[in-house]
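I have placed the structure first, in the form of structure tokens, so that the comments after it can refer back to it.
The values are calculated or read from the model by the stated rules, or taken from the named source; none is laboratory data. Fair warning: this is a prediction, and the values are worked out from it, not measured in the lab. Note that each Cβ is placed from the backbone with ideal geometry, even for glycine, and that neighbours are counted across all protein chains shown.
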Amino acid sequence: MRKTLFESLMRAPLTEPAPAPDAQMLAELGAQLGKSARRRLGRSLSIREVDAGSCNGCELEIHALNNAFYDVERFGLRFVASPRHADVLLVTGPVTRNMREALERTYAATPDPKWVVAVGDCALNGGCFAGSYAVVGGVSQVVPVDLHVPGCPPPPTDILKGLLALLQSVN
Ligand code: SF4
């Protein structure tokens with residue numbers, strides 16, 4: 001027992017090391033995104049996040065966009081509390097039957113022009129939850145999708161790249 005305790009205290013942590021931050025790439029990406037938003041909208045881009053039934057893995061990556069490292073507000077991207085203030089709906093997860101109506105109502109409440117970005121593999125086709133009795137399917141089965149960001153979950157930089165691609169495609 002004492003030996004096991006000693007070994008567990010001496011063993012290195014089993015967690016993976018954090019990826020090296022690429023601050024320059026992030027700054028360039030964020031600056032381009034902010035510029036594209038101002039050119040297209042004349043102001044900041046407002047994003048409403050909708051969890052349509054995800055495992056919350058995708059939410060962790062989306063939340064990271066607001067942490068001290070990514071801090072996307074400095075580039076002019078804002079997460080808003082109401083779809084009535086949003087330009088983009090960032091939707092995660094397979095759409096569950098319980099969330100279907102909420103997603104439809106959120107989409108209807110978002111003013112035009114609006115875009116829907118489906119984030120994560122589940123948002124494409126249900127991912128590992130496909131076929132479940134509780135799941136309708138991917139986001140496009142409920143509302144029109146303009147862009148899909150793949151990954152399980154996609155890292156914050158992929159989400160930023162997706163938003164940039166979206167804005168550049170509509171400029
Ligand atoms: S794509 Fe992966 S992380 Fe995102 S909701 Fe699905 S299982 Fe979770």
Quick check on region 1-40: of everything there that is within 32 Å of the chain's Cα centre (by Cα) and among the hydroxyl-bearing types (Ser, Thr, Tyr), which residue is modelled with the highest pLDDT? SER36
Kindly check whether there is at least one residue in region 43-50 that is under 30 Å from GLU101 (Cβ atoms) and touching a Gly at 6+ places or on another chain (Cβ under 6 Å). yes
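Conditions tested, residue by residue: (1) in a loop (DSSP other than H, G, I, E, B); (2) surrounded by fewer than 21 Cβ atoms within 10 Å (Cβ to Cβ); (3) away from the ligand (no atom under 16 Å from the Cβ); (4) free of Cβ contacts under 8 Å to residues at least 12 places away in the same chain.
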position	(1), (2), (3), (4)
GLU28	no, yes, yes, yes
ALA31	no, yes, yes, no
SER46	no, yes, yes, no
GLU49	no, yes, no, no
SER54	yes, no, no, no
LEU60	no, yes, no, no
Does LEU9 satisfy the criteria of being of a type in the set (A, V, I, L, M, F, W, C) and either part of a loop (DSSP other than H, G, I, E, B) or within 25 Å of ALA123 (Cβ to Cβ) (or both)? no
Regarding GLN24, is this residue part of a helix (DSSP H, G or I) and surrounded by 10 or more Cβ atoms within 10 Å (Cβ to Cβ)? no
What pairs come out if I take residues in region 126-139 that are more than 10 Å from the ligand (Cβ to nearest atom) and pair them with residues that are among the aromatic types (Phe, Trp, Tyr) whose C-beta lies under 7 Å away, six or more apart or interchain? VAL135/PHE129
Yes/no for TYR107 being at pLDDT 95 or above, aromatic (Phe, Trp, Tyr), under 16 Å from ILE47 (Cβ atoms) and buried (at least 18 other Cβ atoms within 10 Å of the Cβ): yes
For region 140-158, which residues satisfy the criterion of being under 24 Å from ARG105 (Cα atoms) and either under 15 Å from the mean Cα position of the chain (by Cα) or within 11 Å of the ligand (Cβ to nearest atom) (or both)? VAL145, ASP146, LEU147, HIS148, VAL149
